[in-house]
Structures are given as structure tokens and as C-alpha cells.
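Shown next, in C-alpha cells, is the structure this report addresses.
The values are calculated or read from the model by the stated rules, or taken from the named source; none is laboratory data. Keep in mind that this is a model prediction, so the values were computed, not measured. Cβ sites come from the backbone with ideal geometry, for glycine too, and all protein chains shown count toward neighbours.
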């Protein structure tokens, strides 16, 4: 499990969550559990932040592609589909 902590916007004009945060939460909840997408287990508010409980991933796709890890055809197929 991993926690993603997102602070609320507190500028002179806006207060609340950024629209991209809301969009990310909505899309991940709509997709549900999929083997190639991190799942959301819980969302809670604490101390002026939104906390999302999700699957732990040791690295993201960008980091994987830029790393020295050699991917075989089966790995690439699994990532793409």
C-alpha cells in the first residue's frame, strides 16, 4: 500500500482541490481494479490534505523505460495491453 498526499490549494483566488486531482480520483475510481492500473483503496481528508490509499509501485512507467532494466517481448506486451 502507498499513500499519496495532496495538499489543498490555498491561494488568494482559489481554495480547494486542483481540478486535475479531482479528475485523477474520478478516473481511477471509474476504472476500478485493472492489472495494469494502480487501484484506489480509500480516500480520506486529514489536516487540510487529501490522502489516497493505493497500490504501491516501486517505479513509474517513465522511470522503467529510462532504466537499465532489459524488457523482453512478454514484459512489453504486458505493459501495453
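Here is a list: 80, 57, 1. Which entry is at pLDDT below 85 and under 13 Å from the mean Cα position of the chain (by Cα)?
Values: 80 fails: under 13 Å from the mean Cα position of the chain (by Cα); 1 fails: at pLDDT below 85.
None of the other options fit; the residue is 57.
Give the number of residues within the stretch 37-68 that are part of a loop (DSSP other than H, G, I, E, B), surrounded by fewer than 11 Cβ atoms within 10 Å (Cβ to Cβ) and out of contact with any strand residue (DSSP E or B) (no Cβ under 8 Å at 6 or more places or on another chain). Residues meeting the conditions: 5. Quick one: would you say residue 71 is surrounded by 10 or more Cβ atoms within 10 Å (Cβ to Cβ), touching a helix residue (DSSP H, G or I) at 6+ places or on another chain (Cβ under 8 Å) and over 14 Å from residue 4 (Cα atoms)? Yes; evaluated as a whole, the condition is true for this residue. Among the residues of the stretch 44-54, just one is free of Cβ contacts under 8 Å to residues at least 24 places away in the same chain and at positive phi, namely 47. Look at the stretch 55-81: where a residue is on the phi > 0 side of the Ramachandran plot and touching a residue at least 24 places away in the same chain (Cβ under 8 Å), no partner that is part of a helix (DSSP H, G or I) and surrounded by 11 or more Cβ atoms within 10 Å (Cβ to Cβ) sits 6+ places away or on another chain with Cβ atoms under 7 Å.
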